[in-house]
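All remarks here apply to the structure that follows.
Each reported figure results from applying straightforward, stated rules to the coordinates on display, with no laboratory input. Since we're looking at a predicted model, the values are computed, not measured. Please note: Cβ atoms are built from the backbone with ideal geometry, for glycine as well, and neighbour counts cover all protein chains shown.
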């Protein structure tokens, strides 16, 4: 086997290992299914990864020649370009990763790292730092001050931060149990917005689910399935919460 083919295959194998590690990080930790679909991260990241994995080894195939004086420099440049491209892709999805899934009035909102309102960090307590270990479930309460409520409504109407994006209003999800129960909808209602067979197939993996509430996300709304007490989160299902 020619040396350049061997170099190409070694580079390709190494690139594939790195790509699999990146995929595991993104789709198992930062964007657990089906949130990658809800936020539209799948196609963009996989396209960047595909280009990165194929471009590096192909450039190696083109420039590799035994005894070439600039070979080390050429391979170093290729490696730097490949690392830079991979770093850009990972950084992009990291900035848009879901960090909080927030119960807000009558639904859950997916809040990304970029969405967080970083004002008043002293009032955010443990919610002031965006977690890197995957999205966390919390609730958001309306502020007691009427003036503050009006200000939030005005800012949100102008494209600013709403309640779900303000960590200073976050509370443990357990404190919102009664409100979630009041807003929970029966599973039968899902058939009003989805084909009955689709609902049945989606729910068969979650026999403990007894109710649901909508999940708002940037690209695709879904539903959050609730347990027998109609407040504990069971799973996110890829179903339409409305028409």
- line: Computed, not fitted: 222 nm per-residue ellipticity of the chain from DSSP H runs ≥ 4 (each -39500 (n - 2.57)), nearest 500, equal to -13500 deg cm²/dmol
query: Which order results if 52, 106 are arranged by neighbouring Cβ count within 10 Å, fewest first?
result: 106, 52
message: Using Cβ counts within 10 Å as a stand-in for footprinting exposure, how do 222, 73 rank, fewest first?
response: 73, 222
- prompt: So if R0 is 45 Å, what FRET efficiency would residue 58 and residue 118 give, r being the distance between their Cβ atoms, rounded to the nearest 0.05?
  reply: 0.60
Length released on extending from residue 204 to residue 228, taking residue separation times 0.36 nm less the Cα-Cα span: 7.1 nm
query: How high is the FRET efficiency between residue 20 and residue 161 when r is their beta carbon distance and R₀ equals 30 Å, given to the nearest 0.05?
result: 0.25
message: Taking 0.36 nm per residue of sequence separation and subtracting the Cα-Cα distance, how much length would be gained by fully extending the chain between residue 73 and residue 46, in nm to one decimal?
response: 6.8 nm
message: Given a Förster distance of 45 Å, report the FRET efficiency between residue 189 and residue 154 from their Cβ-Cβ distance, rounded to the nearest 0.05.
response: 0.85
query: Normalised by the number of residues in the chain, what is the relative contact order in percent for Cα pairs under 8 Å and 6+ residues apart?
result: 18 percent
Nitroxide proxy distance, nm - points 7 Å out along Cα→Cβ at residue 137 and residue 219: 2.4 nm
query: How much length is gained if the chain between residue 238 and residue 84 is pulled fully straight, taking 0.36 nm per residue apart and subtracting their Cα-Cα distance, in nm to one decimal?
result: 52.0 nm
query: Over segment 77-170, what is the mean sequence separation of C-alpha contacts under 8 Å (at least six apart), divided by residue count, expressed as relative contact order in percent?
result: 31 percent
